[in-house]
Amino acid sequence: MLEQDGPPVWVLADDRTGDVAQCLGVAEALGLPFTVKTIRYRPVAALHNALRGPTLFGIRSASRRQLVAPWPRLVIACGRRTAPIARWIKGRSGAFLTQIMDPGPGARADIDLFAIPTHDRAPLPDEQVVYMFGAPHRATPERLAAAAAEWAPRLAHLPRPWLTVAVGGCTRRRDFPPEMARSLARQASDLAARAGGSVLLTTSRRTGKAAEKVLVSAIAAPHFVHRWGEGGANPFFALIGLADAAVVTGDSMSMCTEATMCPGPLYIWSPRGWATEKHRQLHKELFAGGYARPLAGIEEIGAWGHPGLNAAPAVAAAIRERLP
C-alpha cells in the first residue's frame, strides 16, 4: 500500500554516472518532486538477473536503510543492476516502475514502462515500451547557458574558436590505450591550431591515468584541461555550452547525445573497430539525422549547425500517460 507523505518519485542512482544522468533527466522533465536514492554495491560475486529476482541482495547496508516508507508512486531506474532493486520496491509499495534500457529477460517482470533506445529493440508489448532516439539527459539549454556563463570568465584568456574535447575511455569490451589517446589529442590539437583556437579538454572516470597523461601531453595548441577526479565541479556542461565546436569519443551513448546540445559543429571520434555494434548504430543515426559528423578525415573545424537531441521529455510524457 502506498504511503505518499514523501516525494512521489524515487530515482535509483548507482555508481554508473551515465545511467544516473539519464534517470535524472527524465525525473526533471517529469516535473514532479523526486528524491535520489543512492545505491552502492557490496563486493560480492555478480549474479545474473534471472537468478536474483526482486531483491536487495548485493547492496550495502547504508543503501538498504534508505529504502523504507513513505514509498513512492514512481521509481525511475536505469541499467541491469538496478532492476532487481526497483522490483523489490514495487513488491512492498505497488509503485509504478520505469526502467531505462532493457534489463534483460530475467528482470522484465513487474516493470511497467521500458524506455529503450531505437537501436536496441526488445521483444516486449508495444504498450510497455517507449523507444528513444539517443539517451535522456540533463543538458538542457538553460542548464548549459548557466554553466557557460559561470565558466566563460575563467577561459577568456584562451584564443577562440574553442574546441571542446570530451573523452570517455575504456569499457567492458573496449580498451582505450595511450596510443589511441595520443592520436585523438593530436588530431584535436591540430584542428584547433589551424583555426587559431584552443582545446578545452575534459576526461572521465573511464579514461585512465595513463591515457589521460598522454592526452594532455600531446596537445600543442593553447588549452584548458579538467582531469576527472581532480576535485571541484565538473565543467562538462559549461564546456559543451561554450563550444564553438566539439569532439566526443563514441564510447558513451549519453555523452554523444548530451553533446548534440552544443551550439557549434559536433564530431564523434570512433576509430574503426573500437565502438561496439550498438554504439556504431547510434553514431549512424546521429550522422543520418544531421546531429553530428564523424571526426575521421576532418581537417578544419568547419561551421555548420545541427539540432539538439534529448529523449527525456518523450519518456516523461510516456510516464504521464501511463502513471495511475
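The values are calculated or read from the model by the stated rules, or taken from the named source; none is laboratory data. The structure presented is a predicted model; accordingly, all values stated were derived computationally and were not measured. Glycine also receives a Cβ, built like all others from the backbone with ideal geometry; neighbour counts cover every protein chain displayed.
Condition first: part of a helix (DSSP H, G or I) and under 29 Å from PRO271 (Cα atoms). Can you find one or more residues in region 114-127 that meet it? The answer is no; no qualifying residue exists.
Of the residues making up region 132-166, those that are buried (at least 21 other Cβ atoms within 10 Å of the Cβ) and hydroxyl-bearing (Ser, Thr, Tyr) number 1.
Within region 196-219, if we keep just the residues that are assigned to a helix (DSSP H, G or I) and either touching a helix residue (DSSP H, G or I) at 6+ places or on another chain (Cβ under 9 Å) or touching a residue at least 60 places away in the same chain (Cβ under 8 Å) (or both), the residue that is nearest to HIS157 (Cα to Cα) turns out to be VAL216. Out of GLU230, GLU258, one residue alone is buried (at least 24 other Cβ atoms within 10 Å of the Cβ) and either without any contact (Cβ under 8 Å) to a residue 40 or more places away in the chain or under 17 Å from ALA147 (Cβ atoms) (or both). It is GLU258. Within region 53-89, the set of residues being in contact with a helix residue (DSSP H, G or I) (Cβ under 8 Å, 6 or more places away or on another chain) and touching a residue at least 60 places away in the same chain (Cβ under 8 Å) comprises ALA69, TRP71, PRO72, LEU74, VAL75, ILE76, ALA77, CYS78, GLY79, THR82.
Identify the residue in region 286-320 that is at pLDDT 95 or above and charged (D, E, K, R) and, among all such residues, is nearest to ALA29 (Cα to Cα). If we take residues in region 286-320 being at pLDDT 95 or above and charged (D, E, K, R), then ARG320 is nearest to ALA29 (Cα to Cα). Taken together, the residues in region 275-307 that are of a type in the set (Phe, Trp, Tyr), within 19 Å of the chain's Cα centre (by Cα) and outside any helix (DSSP H, G or I) amount to 1. Among the numbered criteria (1) touching a residue at least 40 places away in the same chain (Cβ under 8 Å); (2) closer than 26 Å to ARG160 by Cα, which single criterion is violated by ALA296? (1) is the only condition that ALA296 fails.
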